[in-house]
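> Quick one: structure below, then a few questions.
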Amino acid sequence: MINKYKTLVIFTLFCFFFGEAYTQSNKGTKNTKIKIIHADIAKPGIDKGSPSRLIGHVVLLHNTIRISCDSLHQFAQGNKVEAYGNVHIIQNDTLNLWGDMVKYDGDSEIANAYGNVKLKDKTIVLTTDALDYETEKRIAYYNTGGTIVDKVNVLKSQLGHYYSFTNTAYFKQNVTVTNPNYIMYSDTLTYNTTSKFIQIIGPTRIVGENRTLYSENGWYNTISSHAELYKNNKLTYDNFKAKADTITIDSITKIANLHQNIEIRDTINNIIIVGEKARILKNNELGYVTKKAMLTLVGKSDSIFIHSDTLSICKDSSQNNIMKAYYDVKIYSKELQGRCDSISYPIADSTIYMRYNPILWASGNQMTATDIDFYLVDNKINRFKLLEQSMIVNPIDSTRYRITDTTLFNQIKGRIITGYIKDNNLYKIYVDGNGETIYYPDEKGIPYGLTHVVSANIRIDLKNKKIDKISFLSKPEGTMNPIFMVKKSDKLLAHFYWHKDKKILKKSDIFKNDISINKIDSLIQNNADSLINKKPDTISPKDKVNDDKKRMPPLRRAN
């Protein structure tokens, strides 16, 4: 009982002298000395340099903070304390800081917390092994790894700063943000704990359920998932990798909008799509690519380039991708060129379906039909099929032989014409039904007559881009006349047309006479929904002949 009384007297005198010193030196000024409020036991320092020790339910105040702990070391020199055991700092009844041990400097107003550190402020909880907290500026920072948790996200990093006044956190090195809808990996970012906005200021990857985003500058709303990305932006989904100068993700529709220098790669099928404006839907179908849109089928020795006003990708009932190009389609490769109004390319079929006024040029031949299909092997054309009103035209340079002052044409016509290509050269043609041909036999390259034959089925073999042999597979009927006896009306088959001015001569020609940018914007504005939702009928790979029910539905130019 006497010892307890002595302890109480010593503690009372201790508090009196420190309190008196605080009062005399700080009248009318900001508090600078730490004020001891309570302790069960007080033990003065053994010598002049050793700290006094307070034990049991220790409580002290300094400016806006209140510190409680199991024990405390109070230093005579300076305005410093060391708190041990269940340390708890409260600031303005809103911010709480816990730790196993805290060093607090009353002059700098900085608390250094160690061991099981937890800071709780408004809507967040920060945990770490070691934390420095500036009580006046209300800034906390760590460099040994820390975690901030709120109702929406869990954020972790090696280095971090938390600014209580602005409700902002700064994260650096090995940053992860975990959300029910995604996981974010970053080098550097900031997070507003009120708005839940993330500012991306370093290499960052956002991994969602069915797509991954990458950027080095931009922002992301972690509640709505709206994002705007501005530097080195990439979007990965399914087997596609896309990049663009700007990528935005709409918070409601989840549509990704890409702008400027767009490149979309199909990594499995060696397909590249480029353009200046694109839209990728929530289910990762490509809504459209427009403004200088071009699709490239990358081959080993030659690539096929397809340009149109608009490119898109949708899925069939089996979830296979179908690529489409519409409005003034132009096709170019070294050995094949073409144009039409629209095409459909079901990748699973490896077949491109040309629709509405299609024309193909290959091995010196012009090919036209109501519809044209051509078949790919490793992104190289293996064969083609002309369906209905099919015609192949091959010009003969007869003017240099002074035979005639007009160009002569070998012509083949039929219901269905199938051509076979090897090493980029047309070498064999089959005519199936209603076959008819006009051709000029020659002697050492000089035509000497005109042969006109009608036969239901015809086979033509070609060599060096010229007719080498014609086989009539059913009863032929025809005539042959010397060149000087050929009438002008006999030189051309019905429905003949020579599209010389439409031929694509070089790759850059596919961009000639493009529809204006303003017109494109108008088309997109007026027809985007219909274009995005338009689904082509499934085209069976087993039956690609004349079956109207299996044709691509009309995609016509808007008025």
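The values are calculated or read from the model by the stated rules, or taken from the named source; none is laboratory data. The structure presented is a predicted model; accordingly, all values stated were derived computationally and were not measured. Here the Cβ is made from the backbone with ideal geometry for all residues, glycine too, and neighbour counts use every protein chain on show.
> I want to confirm something. Restricting to the stretch 304-343 and keeping residues that are small (G, A, S) and surrounded by 18 or more Cβ atoms within 10 Å (Cβ to Cβ), which single residue is nearest to N379 (Cα to Cα)? Even if it seems obvious, please write down each step before you answer.
In the first step, residues of the stretch 304-343 are kept if they are small (G, A, S); the result is 308, 312, 317-318, 325, 333, 338, 342.
Among the residues that remain, those that are also surrounded by 18 or more Cβ atoms within 10 Å (Cβ to Cβ) are: 308, 312, 325, 333, 338, 342.
Details: S308: 19, S312: 18, A325: 17, S333: 11, G338: 16, S342: 19 Å.
Going through the qualifying residues, I end up with S333.
> Here's something else I'd like to know. Quick check on my filter: what residues within the stretch 462-495 are within 58 Å of the chain's Cα centre (by Cα), in a strand (DSSP E or B) and surrounded by 13 or more Cβ atoms within 10 Å (Cβ to Cβ)?
Scanning the stretch 462-495 gives L462, K466, I467, I470, F472.
> Sticking with this one: Could you check the stretch 77-95 and list, in sequence order, the residues that are out of contact with any Phe, Trp or Tyr (no Cβ under 6 Å at 6 or more places or on another chain), within 21 Å of K33 (Cα to Cα) and surrounded by fewer than 18 Cβ atoms within 10 Å (Cβ to Cβ)?
Across the stretch 77-95, the qualifying residues are Q77, G78, N79, K80, I90, N92, D93.
> Further, regarding this structure: Looking only at strands (runs of 3 or more DSSP E) that fall completely inside the stretch 357-398, which ones have 1 or more residues that are of a type in the set (F, W, Y)? Reasoning before the result, please.
On the way: elements: 359-362, 365-368, 371-377, 380-396.
Correct list: 359-362, 371-377, 380-396.
Residue-wise test of (1) closer than 21 Å to F511 by Cβ; (2) among the hydrophobic types (A, V, I, L, M, F, W, C).
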{"residue": "T236", "(1), (2)": "no, no"}
{"residue": "I247", "(1), (2)": "no, yes"}
{"residue": "K254", "(1), (2)": "no, no"}
{"residue": "I262", "(1), (2)": "yes, yes"}
{"residue": "I268", "(1), (2)": "no, yes"}
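> While we're here: In this structure, does I280 turn out to be among the β-branched types (V, I, T) and crowded, with 23+ Cβ neighbours inside 10 Å? Spell out the reasoning first.
On the way: among the β-branched types (V, I, T): yes; crowded, with 23+ Cβ neighbours inside 10 Å: yes.
Judged against the criteria, I280 is a match.
> Among the aromatic types (F, W, Y), more than 18 Å from the chain's Cα centre (by Cα) and surrounded by fewer than 18 Cβ atoms within 10 Å (Cβ to Cβ) - does that describe any residue in the stretch 196-216?
Yes.
> Follow-up question, since we're still on this one. So for the stretch 309-322 (the condition being under 21 Å from F511 (Cβ atoms) and in contact with a Pro (Cβ under 9 Å, 6 or more places away or on another chain)), does at least one residue qualify?
Checked against the condition, which is being under 21 Å from F511 (Cβ atoms) and in contact with a Pro (Cβ under 9 Å, 6 or more places away or on another chain), the stretch 309-322 yields no hits at all.
> Same structure again: Quick one: Y237 ticks every box in (1) at pLDDT below 90; (2) touching a Phe, Trp or Tyr at 6+ places or on another chain (Cβ under 9 Å); (3) not small (G, A, S) except a single one, so which number is it?
If we test Y237 against (1) at pLDDT below 90; (2) touching a Phe, Trp or Tyr at 6+ places or on another chain (Cβ under 9 Å); (3) not small (G, A, S), just (2) comes out false.
> Given the condition in contact with a Ser or Thr (Cβ under 7 Å, 6 or more places away or on another chain), assigned to a strand (DSSP E or B) and either outside the structural domain of I421 (by TED's automatic domain parsing) or more than 16 Å from N425 (Cα to Cα) (or both), answer yes or no: does some residue in the stretch 333-351 qualify?
Checked the stretch 333-351: no residue is in contact with a Ser or Thr (Cβ under 7 Å, 6 or more places away or on another chain), assigned to a strand (DSSP E or B) and either outside the structural domain of I421 (by TED's automatic domain parsing) or more than 16 Å from N425 (Cα to Cα) (or both).
> Which residues, taken from the stretch 331-362, are under 20 Å from S508 (Cα atoms) and among the hydroxyl-bearing types (S, T, Y)?
Listed by number, the residues that qualify are Y332, S333, S342.
> Considering only the stretch 244-262, how many residues are farther than 10 Å from I280 by Cβ, charged (D, E, K, R) and at pLDDT below 95?
Total meeting the criteria: 1.
> Tally the residues that are closer than 19 Å to T246 by Cβ and part of a loop (DSSP other than H, G, I, E, B), restricting the search to the stretch 202-215.
Residues in the stretch 202-215 being closer than 19 Å to T246 by Cβ and part of a loop (DSSP other than H, G, I, E, B): 3 in total.
> Hey, any hits in the stretch 368-389 for a residue that's in contact (Cβ under 8 Å) with a residue 40 or more places away in the chain and in contact with a helix residue (DSSP H, G or I) (Cβ under 9 Å, 6 or more places away or on another chain)?
No: the stretch 368-389 contains no residue that is in contact (Cβ under 8 Å) with a residue 40 or more places away in the chain and in contact with a helix residue (DSSP H, G or I) (Cβ under 9 Å, 6 or more places away or on another chain).
> Of S186, S225, S195, which residue is touching a Pro at 6+ places or on another chain (Cβ under 8 Å) and free of Cβ contacts under 8 Å to residues at least 60 places away in the same chain? Explain how you work it out, then say what you get.
Values: S225 fails: touching a Pro at 6+ places or on another chain (Cβ under 8 Å); S195 fails: touching a Pro at 6+ places or on another chain (Cβ under 8 Å).
Within the list S186, S225, S195, the selection yields S186.
> Could you list all residues from the stretch 327-375 that are within 27 Å of the chain's Cα centre (by Cα), aliphatic (A, V, I, L, M) and at pLDDT 90 or above?
V329, I331, I343, I352
> Inside the stretch 38-70, can you point out the residues that are within 25 Å of R138 (Cα to Cα) and part of a strand (DSSP E or B)? Let's see the steps before the verdict.
The first filter runs over the stretch 38-70 and keeps only residues within 25 Å of R138 (Cα to Cα), leaving 58-70.
Within the stretch 38-70, V58, V59, L60, L61, H62, I65, R66, I67, S68, C69, D70 meet the criteria.
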